[in-house]
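Engineer: Structure below; questions to follow.
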Amino acid sequence: MVSVSMNVNGKPASGEVEGRTLLSAFLRENLKLTGTHIGCDTSQCGACVVHVDGKAVKACTMLAAEADGSEVKTIEGMANADGSLGVVQQAFQDHHGLQCGFCTPGMVMSAAALLSENPNPSEAEIREYLEGNLCRCTGYHNIVKAIMAAAGQDVSKIAAE
Amino acid sequence: MPKDGGIGASSKRREDVRFLTGKGRYTDDINIHGQAYAYFLRSEVAYGKINGIDTSVAEGMPGVVQIFTAKDFEGAGGIPCGWQVTDRHGQPMQEPKHPILAEGFVRHVGDPIVGVVADTLEQARDAAEAIDVDITEIDPVLDMRAALADGATKVHDELSSNLCYDWNLGNSPEEAEQVMNSAHHVTTLELTNNRLIANPMEPRVAVGDYSIANDDYTLYTTSQNPHVIRLLMGAFVLNIPEHKLRVVAPDVGGGFGSKIYHYAEEAFCTFAAKQCMRPVKWTSSRSEAFVSDAHGRDHVTTIRLALDENGKFLAIHTDTLANMGAYLSTFSSSIPTWLHGTLMAGNYTTPIVSVNVKAVFTNTVPVDAYRGAGRPEATFQLERVVDKAAREMGIDPVEIRRRNFITEFPYATPVAVEYDTGDYHATMDKLLELSDHAGFEVRAAESKANGKLRGFGISHYIEACGIAPSNLVGQLGARAGLYESATVRVNATGSISVMTGSHSHGQGHETSFAQVVAEMIGIDEKQIDIVHGDTANTPMGMGTYGSRSLAVGGSAIVRATEKILNKAKKIAAHLLEASEADIELKDGTFTVAGTDKSVAWGDVTLAAYVPHNYPLEEIEPGLEETAFYDPANFTYPSGGYGCEVEVDPETGKVQILSFTAADDFGNVVNPMIVEGQVQGGLAQGIGQALLENCAYDENGQLLSGSYMDYTMPRADDVPMFKVDHSCMTPCTHNPLGVKGCGEAGAIGSPPAVVNAVIDALQRGGHDVKHIDMPLSPDRVWMAMNS
């Protein structure tokens, strides 16, 4: 067993885990942050994307021990301080960028990382950035649109809602 | 002006807030104090005889609670099939037993043999590795034609052959043959409808719990229809009466059909919870999902279309082999028959339609409904053969469809269904307008100048949703009713809880169902909550699949709300000292017609629960009503779909430049949600057409067993879609006039994509008549260069 401690969503978090414990499992099982989802076992689906030290990371590709000492942000930490939805979250609701909600945490975390790297991405850049996030419900149309809207772009011409 | 509430408004989805903040409650998020974990040792071979199972070492390993094999389930029933198809000779289909754990034989890779329950998942997995299963391999049955040959190895020894049933619908093959023989032209097409895996992003999970105090069970499961699971598992598998079995399907991360069925793992966890006296949880890995979730499609078809010299369709004759896999999944038998054969008339007036389907057992994962379920298979073959016929006869693909469109309704097809409404010319017109069909030649010339081949493909689909009525489907072999239920519980201060038997796993029922009730009463949607997914607090319902939720479940809500309003009017009449006949309801206020006397909704509801001034001699206190709605007919959405592609002749890669869907869903409650449903369906249909393929090797090993091998559509595989639903011919037989929109995208799009690629290749001078899906670059390139 190894001791890990990190800052998760601005609060200190620590635990004793087996060396093989993945960050995704640590978040879900030790910290009960079940918003980070497990959708595959080959690091393909992206439902578990979180931010580690500001970078988008698939939490199933990282050991909890590797995140020791890091700043981790999960979907539970994305709302505004007053509890209202953050910009990306709000854009997803406004533009119907989610249906069953299972891929959504990973999509929002990826989208937020994209916008911090590239505040005004083109449609093609968004689609390319989402290569590692699978959604089976939306056909990506409204996810892409939501991210464009979150970047402040006028999406009214794309399609009616 | 768009409405800001009620029917027709694009109300934002209330469920989004919990999903966007990580507060959704999916089954894997449920952990019960003291729970143990189940792990299944599954067959690694496609077919084999089990000589022995040695669990002795594993039983002594750390954390092991109990190890289960088939002998532990001797008192239990098999996993039942919910639909008995009668074959063309009047005989029932062959129906093999589907045990919870393999009995004597393993019949597909992934077939569960042993269930290990341990304190942790890792311990269960470690113990499973120490179990020795002695299997003698048998050459598997994989190819459907070979499976039906004389002397073929049988998947089930106790059956007479690998033929589940041989089924006909519509005109006799002889009638069709007669027309074919004398027709001006006959177009023939042989095709495969590729096997797919539904792949909802949430893998399946089951948590079983048993209370010795009350001798009752609870199963938390990733299901589209918790009541159906309770009935099937309780009555047919584990012999638990309904009042002792609660099934909860909380937030469910997509289904697309694959979470309709009762699966062995659900029965296992429920059973093991009592045996172990601990809650037992199983979470599917994605790798496990590939070999244990029911697959979809997998038809091999030959279709022939007879035409006269003007391109009028005279007869259709189609022969299909449908893969059932190794066992009959819950609705497997109904998919190639009553959900496929019945759609073979399409949008056309073809007078003779003859359908034959042979369902075949093979050593593969069971096959059942996947988004569209039979209807995509029917639409694909019909819309492909129509396109091929148009080319062969030199008639424009739009024109040949228009010459054969049904224009008068109701229309009774030769294949047992009666369409109530539709306007196929209108949806075709809308498609051509939105896709700028007129400008295609200019765009094609531009592509040509750039060394690319551009093509445009059309399909025009018909769909049958909300399968019903129950007494008819009973005659067709359904072992269940297909009604839906709703309880509308009005609280004392006027807020409302609606308990529905439908289940939402992405469809947004919590929002759109509330819109329906809000519209009927004239109150704010926020005053209404939709409760679903728990057999303990919802009336017996049949769940969500087949695009039925609004057409059937929504209609049940309308009926229950009508009962509420009838009673509320009586109360209002009493309070206003007026005749009930004079009471009008508008914007949540009851008034006496022609006067200024009124009483608000909340005052009426309060009177119902605080009945001090109340007509107790006439009506009971309280305001809660239940309705069960059994539709008179299917609903028949239809639409025109157009796909524009560019093929790179150097690589064979197909790029979708635009996709346009012009649907007729009848009335629409929430346009935003409807468009989202179509967009998602389109991506799945495009996935089938270009990317997805479930492939087995010659040993029955699944080659496409992970996201590294099974090509899911990603964001850069699809374009922005043009989606329109302004053509509305309301359904004539349900109170909302709605038809259903969940599956249309996946039904109409595959033939449009393939027709577009064939068009591009033919325009480029390549004499390619058909390519089987998925149209991957290698297949397209080979077709161009062979």
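The values are calculated or read from the model by the stated rules, or taken from the named source; none is laboratory data. Here the structure is a predicted model, which means the values were calculated and not measured. Here Cβ is always computed from backbone atoms with ideal geometry, including for glycine, and neighbour counts include all displayed protein chains.
Engineer: Taking only pairs six or more apart or across chains, which ones have beta-carbon atoms under 8 Å, a first residue in region B:428-442 that is in contact (Cβ under 8 Å) with a residue 40 or more places away in the chain, and a second residue that is basic (Lys, Arg)?
Structural biologist: Filtered contacts from region B:428-442: B:Met428/B:Arg401; B:Met428/B:Arg402; B:Leu434/B:Lys722; B:Ser435/B:Lys722; B:Phe440/B:Arg454.
Engineer: Could you count how many residues in region B:16-25 are under 25 Å from the mean Cα position of the chain (by Cα) and facing another protein chain (nearest Cβ under 7 Å)?
Structural biologist: Selection size over region B:16-25: 3.
Engineer: Given the criterion out of contact with any Cys (no Cβ under 6 Å at 6 or more places or on another chain), within 14 Å of chain A (Cβ to nearest Cβ) and more than 21 Å from B:His295 (Cα to Cα), identify the matching residue among B:Pro279, B:Pro250, B:Pro241.
Structural biologist: None of the others qualify; the one that does is B:Pro250.
Engineer: Now, a different point. Taking region A:82-105, which residues are under 15 Å from B:Gln679 (Cβ atoms) and at the interface with another protein chain (Cβ under 7 Å from one of its Cβ atoms)?
Structural biologist: Initial filter on region A:82-105 (under 15 Å from B:Gln679 (Cβ atoms)): A:92, A:95-100, A:103.
Matches in region A:82-105: A:Phe92, A:His96, A:Leu98, A:Gln99, A:Cys100, A:Cys103.
Engineer: How many residues are in contact with a strand residue (DSSP E or B) (Cβ under 7 Å, 6 or more places away or on another chain), over 20 Å from B:Lys259 (Cα atoms) and of a type in the set (S, T, N, Q) if we restrict to region B:350-377?
Structural biologist: 4
Engineer: Kindly list, by first and then second residue, each pair from a residue in region B:708-721 that is more than 7 Å from every other protein chain (Cβ to nearest Cβ) and in contact (Cβ under 8 Å) with a residue 40 or more places away in the chain to a residue that is crowded, with 19+ Cβ neighbours inside 10 Å and part of a loop (DSSP other than H, G, I, E, B), limited to pairs with Cβ atoms under 8 Å and residues at least 6 apart or on different chains.
Structural biologist: If the second residue must be crowded, with 19+ Cβ neighbours inside 10 Å and part of a loop (DSSP other than H, G, I, E, B), the pairs left are B:Tyr710/B:Asn199; B:Tyr710/B:Glu692; B:Tyr710/B:Asn693; B:Tyr710/B:Cys694; B:Thr711/B:Glu692; B:Thr711/B:Asn693; B:Thr711/B:Pro774.
Engineer: Report, ordered by the first and then the second residue, all pairs with beta carbons closer than 9 Å, sequence separation of six or more or different chains, a first member in region A:34-45 that is under 10 Å from B:Met708 (Cβ atoms), and a second member that is among the polar types (S, T, N, Q) and at pLDDT 95 or above.
Structural biologist: A:Cys40/B:Ser285; A:Cys40/B:Ser287; A:Cys40/B:Ser706; A:Thr42/B:Ser287; A:Thr42/B:Ser706; A:Ser43/A:Thr61; A:Gln44/B:Ser706
Engineer: A follow-up question, please. Please enumerate the residues belonging to region B:26-38 that are away from chain A (no Cβ under 14 Å) and buried (at least 24 other Cβ atoms within 10 Å of the Cβ).
Structural biologist: Within region B:26-38, B:Ala36, B:Ala38 meet the criteria.
Engineer: Select from region B:734-746 the residues that are assigned to a loop (DSSP other than H, G, I, E, B) and not acidic (Asp, Glu) and write down the one among them that is surrounded by the fewest Cβ atoms within 10 Å (Cβ to Cβ).
Structural biologist: B:Pro735
Results for (1) within 30 Å of B:Val291 (Cα to Cα); (2) surrounded by fewer than 24 Cβ atoms within 10 Å (Cβ to Cβ), shown as yes or no for each residue.
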position: B:Val668; (1), (2): no, no
position: B:Gln679; (1), (2): yes, no
position: B:Leu690; (1), (2): yes, no
position: B:Cys694; (1), (2): yes, yes
position: B:Gly700; (1), (2): yes, yes
position: B:Tyr707; (1), (2): yes, yes
position: B:Cys727; (1), (2): no, yes
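Engineer: What are the residue pairs meeting all of these: first residue in region B:577-591, first residue over 18 Å from B:Gly494 (Cα atoms), second residue of a type in the set (A, V, I, L, M, F, W, C) and part of a loop (DSSP other than H, G, I, E, B), Cβ atoms under 9 Å, and 6 or more apart or on different chains?
Structural biologist: Pairs found: B:Ala578/B:Ala593; B:Ala581/B:Ala593; B:Asp582/B:Ala593; B:Ile583/B:Ala593.
Engineer: Now for a different question. Counting residues that are touching a Leu at 6+ places or on another chain (Cβ under 8 Å), which strands (runs of 3 or more DSSP E) fully inside region B:212-329 reach at least 3?
Structural biologist: Values: elements: B:216-221, B:245-248, B:280-283, B:299-307, B:313-325.
The strands (runs of 3 or more DSSP E) meeting that bar are B:216-221, B:245-248, B:299-307, B:313-325.
Engineer: Residue under question is B:Thr626, and the condition is that it be touching a helix residue (DSSP H, G or I) at 6+ places or on another chain (Cβ under 8 Å), of a type in the set (S, T, N, Q) and either assigned by TED's automatic domain parsing to the domain that holds B:Arg763 or at pLDDT 95 or above (or both); does it hold?
Structural biologist: yes
Engineer: Free of Cβ contacts under 8 Å to residues at least 40 places away in the same chain and either in a loop (DSSP other than H, G, I, E, B) or more than 30 Å from A:Val108 (Cα to Cα) (or both): is that true of B:Asp4 in this structure?
Structural biologist: It is true that B:Asp4 is free of Cβ contacts under 8 Å to residues at least 40 places away in the same chain and either in a loop (DSSP other than H, G, I, E, B) or more than 30 Å from A:Val108 (Cα to Cα) (or both).
Engineer: Now a separate question. Could we say that B:Tyr327 is at pLDDT 95 or above and either within 30 Å of B:Asp215 (Cβ to Cβ) or outside the structural domain of B:Gly372 (by TED's automatic domain parsing) (or both) here?
Structural biologist: For B:Tyr327, the condition - at pLDDT 95 or above and either within 30 Å of B:Asp215 (Cβ to Cβ) or outside the structural domain of B:Gly372 (by TED's automatic domain parsing) (or both) - is not met.
Engineer: Which residue is surrounded by the fewest Cβ atoms within 10 Å (Cβ to Cβ), if the candidates are limited to region A:115-130 and must be at the interface with chain B (Cβ under 7 Å from one of its Cβ atoms) and touching a Phe, Trp or Tyr at 6+ places or on another chain (Cβ under 8 Å)?
Structural biologist: The selected residue is A:Arg127.
Engineer: Restricting to region B:655-673, and then to whatever is facing chain A (nearest Cβ under 10 Å) and of a type in the set (A, V, I, L, M, F, W, C), can you tell me which residue is nearest to B:Asn734 (Cα to Cα)?
Structural biologist: The qualifying residue nearest to B:Asn734 (Cα to Cα) is B:Ile673.
Engineer: While we're looking at this one, here's another question. For region B:22-40, enumerate the residues that are more than 16 Å from B:Thr283 (Cβ to Cβ) and either part of a strand (DSSP E or B) or out of contact with any helix residue (DSSP H, G or I) (no Cβ under 7 Å at 6 or more places or on another chain) (or both).
Structural biologist: Scanning region B:22-40 gives B:Lys23, B:His33, B:Gly34.
Engineer: Within region B:747-760, does at least one residue satisfy the condition of being outside any helix (DSSP H, G or I) and either more than 8 Å from chain A (Cβ to nearest Cβ) or over 30 Å from A:Asp94 (Cβ atoms) (or both)?
Structural biologist: no
Engineer: Another question, if that's okay. Considering every residue within region B:676-693, establish whether at least one is away from chain A (no Cβ under 14 Å) and out of contact with any Gly (no Cβ under 8 Å at 6 or more places or on another chain).
Structural biologist: Looking only at region B:676-693, we keep the residues that are away from chain A (no Cβ under 14 Å), and these are B:693.
Narrowing the set further to residues that are out of contact with any Gly (no Cβ under 8 Å at 6 or more places or on another chain) leaves B:693.
Among the residues of region B:676-693, at least one is away from chain A (no Cβ under 14 Å) and out of contact with any Gly (no Cβ under 8 Å at 6 or more places or on another chain), which makes the answer yes.
Engineer: Here is a list: A:Ala79, A:Ala112, A:Ala65. Which entry is modelled with pLDDT of 95 or more, more than 10 Å from chain B (Cβ to nearest Cβ) and under 30 Å from B:Ser512 (Cβ atoms)?
Structural biologist: Matching residue, one of A:Ala79, A:Ala112, A:Ala65: A:Ala112.
Engineer: For region A:131-161, how many residues meet the condition of being without any contact (Cβ under 8 Å) to a residue 24 or more places away in the chain and either surrounded by fewer than 24 Cβ atoms within 10 Å (Cβ to Cβ) or more than 8 Å from every other protein chain (Cβ to nearest Cβ) (or both)?
Structural biologist: 7
Engineer: Looking at region B:41-54, which of the residues that are in a loop (DSSP other than H, G, I, E, B) and buried (at least 21 other Cβ atoms within 10 Å of the Cβ) is nearest to the other protein chains (Cβ to nearest Cβ)?
Structural biologist: If we take residues in region B:41-54 being in a loop (DSSP other than H, G, I, E, B) and buried (at least 21 other Cβ atoms within 10 Å of the Cβ), then B:Ser43 is nearest to the other protein chains (Cβ to nearest Cβ).
Engineer: Being within 30 Å of B:Ala478 (Cβ to Cβ), touching an Asp or Glu at 6+ places or on another chain (Cβ under 9 Å), basic (Lys, Arg) and outside the structural domain of B:Ile673 (by TED's automatic domain parsing) is true for just one of B:Arg42, B:Arg88. Which residue is that?
Structural biologist: Result: B:Arg88 is the single residue among B:Arg42, B:Arg88 that is within 30 Å of B:Ala478 (Cβ to Cβ), touching an Asp or Glu at 6+ places or on another chain (Cβ under 9 Å), basic (Lys, Arg) and outside the structural domain of B:Ile673 (by TED's automatic domain parsing).
Engineer: Can you pull out every residue in region B:613-641 that is in contact (Cβ under 8 Å) with a residue 60 or more places away in the chain and assigned to a loop (DSSP other than H, G, I, E, B)?
Structural biologist: The answer is B:Leu623, B:Asp630, B:Pro631, B:Ala632, B:Asn633, B:Phe634, B:Tyr636, B:Pro637.
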